[in-house]
1. I'd like to know if the range 101-112 contains one or more residues that are within 26 Å of L5 (Cα to Cα), open to solvent by 70 Å² or more (accessible area, probe 1.4 Å) and part of a helix (DSSP H, G or I).
2. From E180, E93, which residue is in contact (Cβ under 8 Å) with a residue 40 or more places away in the chain, open to solvent by 40 Å² or more (accessible area, probe 1.4 Å) and touching a helix residue (DSSP H, G or I) at 6+ places or on another chain (Cβ under 9 Å)?
3. So, L160, is that one crowded, with 16+ Cβ neighbours inside 10 Å and either out of contact with any Leu (no Cβ under 9 Å at 6 or more places or on another chain) or part of a loop (DSSP other than H, G, I, E, B) (or both) or not?
4. Go through (1) at pLDDT 85 or above; (2) within 18 Å of V181 (Cβ to Cβ); (3) open to solvent by less than 80 Å² (accessible area, probe 1.4 Å) and name the single condition S121 misses.
5. So which pairs qualify, if the first residue must be in the range 134-160 and closer than 18 Å to A116 by Cβ and in contact (Cβ under 8 Å) with a residue 60 or more places away in the chain, the second must be open to solvent by 30 Å² or more (accessible area, probe 1.4 Å) and part of a helix (DSSP H, G or I), the Cβ gap must be under 9 Å, and the two must be at least 6 apart or on different chains?
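The values are calculated or read from the model by the stated rules, or taken from the named source; none is laboratory data. The structure displayed is predicted, hence computed values, not measured ones. With ideal geometry, Cβ positions are generated from the backbone for all residues, glycine too; neighbour counts draw on all protein chains shown. Ligands, DNA and RNA are excluded from the accessible area calculation, which covers all protein heavy atoms including side chains. Shrake-Rupley method; radii C 1.70, N 1.55, O 1.52, S 1.80 Å.
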Amino acid sequence: MTDVLTVVNRVLLGLLGLALFAGGLAVTLAALDLAPGSWPWSGPEDVLLSDADRTRWRDEGWWWTTVIGGLALVVLLSVWWLVAQLRQRRLAEVLVDSGDGVGALLRGRAMEDVVAAEAESLPGIDEARVTLVGRRTQPRIRVGLLLAPHAKPDEAVRRLHHEAVEHARVSAGLDVLPAEVRLRSAKHAPERLS
């Protein structure tokens, strides 16, 4: 679902950007009197839609059904897109190969809590927030680390990968467990000099 949503987001943003660019270019050409003579609105008195254009289909029976149906479809797709953006993309469970062909389900929150606890026990890491994403057969981990003022970022990430993430991968029986790590540093407390 996340991959589909990423594609939908990129397509929608691309189409919106293209529409805004074309609209801006059309207005700029019309304002600078560079628009060709066949341009729909090229003079200062011209309007985008004349009275005749706006009322042309009013008496047709299919017109209002088509307009209302099209607008309802746009609203429904917009609501779907908005809900998909706001929905939490956290993975609820991971499928663990138990060796008997059936498999077992590991709660995603349990795995997140264990990785976060182990990460916070590492030197230089004050706080860790872990989110499990992806598919239940191919999970990925997103980790947000708050580093202590004295921490070395490269060492913290290396130890996180070789200890906390690797332990989670082995215990869940996964071949790979990709991790995305975002780092923030804690601010130094003000020091007093006497």
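1. Yes, that holds for at least one residue.
2. Details: E180 fails: touching a helix residue (DSSP H, G or I) at 6+ places or on another chain (Cβ under 9 Å).
One residue alone meets the criteria, E93.
3. Values: crowded, with 16+ Cβ neighbours inside 10 Å: yes; either out of contact with any Leu (no Cβ under 9 Å at 6 or more places or on another chain) or part of a loop (DSSP other than H, G, I, E, B) (or both): no.
For L160, the condition - crowded, with 16+ Cβ neighbours inside 10 Å and either out of contact with any Leu (no Cβ under 9 Å at 6 or more places or on another chain) or part of a loop (DSSP other than H, G, I, E, B) (or both) - is not met.
4. (3)
5. Qualifying pairs under 9 Å: G134/T2.
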